[in-house]
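**Student:** Below is the structure I would like to discuss, written out as structure tokens.
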Amino acid sequence: MPSLAEHLIRWHPLNGRHDLPWQQRRDPYAIWISEIMLQQTQVSTVIPYYQRFMQTFPAVDSLANAPLDAVLALWSGLGYYSRARNLHLAAQRIMQEHQGQFPESRERIQQLPGIGRSTAAAIAVFAFGQREAILDGNVKRILARFFGIAGYPGQPKIQKLLWQQAEAALPADHRGGLIEIYTQALMDLGSTVCTRSKPQCDLCPLQPQCIAWQQQRVAQLPAAKPRKPLPRKETVLLLLQHQQRLLLEKRPSSGIWGGLWCPPEMTIGADAVDYCRQQWGIAVQSPVEMPALDHQFTHFKLRIYPQCLDVAADSRVASPDYIWLKPAEALELGIPAPIRSILMQNFSAGKLPLGKC
Ligand code: SF4
């Protein structure tokens, strides 16, 4: 009976995806950028971001030499901003420690910031044709179903088992482009056939040997993450405006929205007029409360209460970490997704709702 790898290698030429923009080049830099963008993000969302990113930073030196702000601005909307900060840092390491050459072994690639074992393996496979196993979310799902592995894949002992299966399933002969075809086939099968909900088992080349299919456990595998309710947090964002401009603050590089530009934050329940006087010595008129907005992070839910405040004409906030910008200019910067939607909903046509505040 053919092995899992043999099934996939035969299936891929007619059924896999062959026209993704990062498949056009065997360039470790391009493959790295695509692999990082594809983490937790759909292919269709990634493509325009990838194309803009590669036009602006076509090679590792251009990324390493760019200001972090420019990188974050291009990333704005993709979320998980630590990915962009790590890309920037890793590009600088490649220039300084590897003389601008992408390292070739999976172990050395994995030592760069923000690159885990599976991503390092994918780069080693697609850029250098090495025989390495990947284990991203799609592959975990396929292997858990194919081998009938119960338990949540995030659990260390299940993860270890999945890695063992991923390595054992590699094609024995990886030369002649077979490892690339096999790895891409796994990714494609997970995205298009063995999907999380409504997998198309009737179209799957693995069906005859798939344990989940044989035992009618497809819907139960892989096991879902044990659910704990996410903690809830609340915050106030101060939309301070002066002469059609908004005040934005640069967030510290660590923590949520690290390194992005954001309206200043205030503790819930504090008085905005007192807060602005104490914090920046500025006089503001009474705030106008705007509709609350909910945003979910991986580890908690955040309810944002935006308040709109007019700042007295002679007020100044002077510091490199603050900037006054028109809303349209703010949208060009690296700003978090919920801030982007607040600006787009409330400041249409680049105009602040003066008179409301
Ligand atoms: S038969 Fe169904 S569950 Fe099994 S690997 Fe194929 S698509 Fe996934």
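**Student:** Please go through the stretch 209-242 and give me each residue that is under 30 Å from Ser319 (Cα atoms) and crowded, with 16+ Cβ neighbours inside 10 Å, ordered by number.
**Tutor:** Correct list: Val236, Leu237, Leu238, Leu239, Leu240, Gln241, His242.
**Student:** Output the residues belonging to the stretch 270-283 that are open to solvent by 20 Å² or more (accessible area, probe 1.4 Å), part of a loop (DSSP other than H, G, I, E, B) and modelled with pLDDT under 90. Step through it out loud before you land on a result.
**Tutor:** Kept after step one, since they are open to solvent by 20 Å² or more (accessible area, probe 1.4 Å), are these residues of the stretch 270-283: 270-271, 273-275, 277-281, 283.
After this cut, where a residue has to be part of a loop (DSSP other than H, G, I, E, B) as well, the list is 270-271, 281, 283.
Passing the criteria: Gly281, Ala283.
**Student:** Also: Leu20 - would you say it is open to solvent by 40 Å² or more (accessible area, probe 1.4 Å) and either under 22 Å from Leu112 (Cβ atoms) or outside the structural domain of Ile335 (by TED's automatic domain parsing) (or both)?
**Tutor:** Taking the combined requirement at face value, the residue does not satisfy it.
**Student:** Now for a different question. Among the candidates Leu89, Leu143, which residue alone is touching a residue at least 12 places away in the same chain (Cβ under 8 Å) and not assigned by TED's automatic domain parsing to the domain that holds Glu35?
**Tutor:** Leu143
**Student:** Mind checking whether some residue in the stretch 219-232 is part of a helix (DSSP H, G or I) and within 12 Å of the ligand (Cβ to nearest atom)?
**Tutor:** Scanning the stretch 219-232, I find at least one residue that is part of a helix (DSSP H, G or I) and within 12 Å of the ligand (Cβ to nearest atom), so the answer is yes.
**Student:** Condition first: under 21 Å from Gly137 (Cβ atoms), free of Cβ contacts under 8 Å to residues at least 40 places away in the same chain and polar (S, T, N, Q). Now tell me which residues in the stretch 43-85 satisfy that.
**Tutor:** Of everything in the stretch 43-85, those that are under 21 Å from Gly137 (Cβ atoms), free of Cβ contacts under 8 Å to residues at least 40 places away in the same chain and polar (S, T, N, Q) turn out to be Ser44, Thr45.
**Student:** Is it the case that some residue within the stretch 243-259 is assigned to a loop (DSSP other than H, G, I, E, B), surrounded by 15 or more Cβ atoms within 10 Å (Cβ to Cβ) and within 16 Å of the ligand (Cβ to nearest atom)?
**Tutor:** No: zero hits.
**Student:** Counting only residues that are more than 12 Å from the ligand (Cβ to nearest atom), in a helix (DSSP H, G or I) and small (Gly, Ala, Ser), how many does the stretch 125-148 have?
**Tutor:** Within the stretch 125-148, residues that are more than 12 Å from the ligand (Cβ to nearest atom), in a helix (DSSP H, G or I) and small (Gly, Ala, Ser) number 2.
**Student:** Give the residues of the stretch 152-202 that are away from the ligand (no atom under 14 Å from the Cβ), farther than 27 Å from Gly129 by Cα and open to solvent by 20 Å² or more (accessible area, probe 1.4 Å), sorted by residue number.
**Tutor:** Tyr152, Gly154, Gln155, Pro156, Lys157, listed by residue number.
The values are calculated or read from the model by the stated rules, or taken from the named source; none is laboratory data. In this text, all values refer to a predicted model and were calculated from it rather than measured experimentally. As a convention, Cβ positions derive from the backbone with ideal geometry for all residues, glycine included, and neighbour counts pool all protein chains shown. Side chains are part of the model used for accessible areas, which takes the heavy atoms of the whole protein and leaves out ligands, DNA and RNA. Shrake-Rupley method; radii C 1.70, N 1.55, O 1.52, S 1.80 Å.
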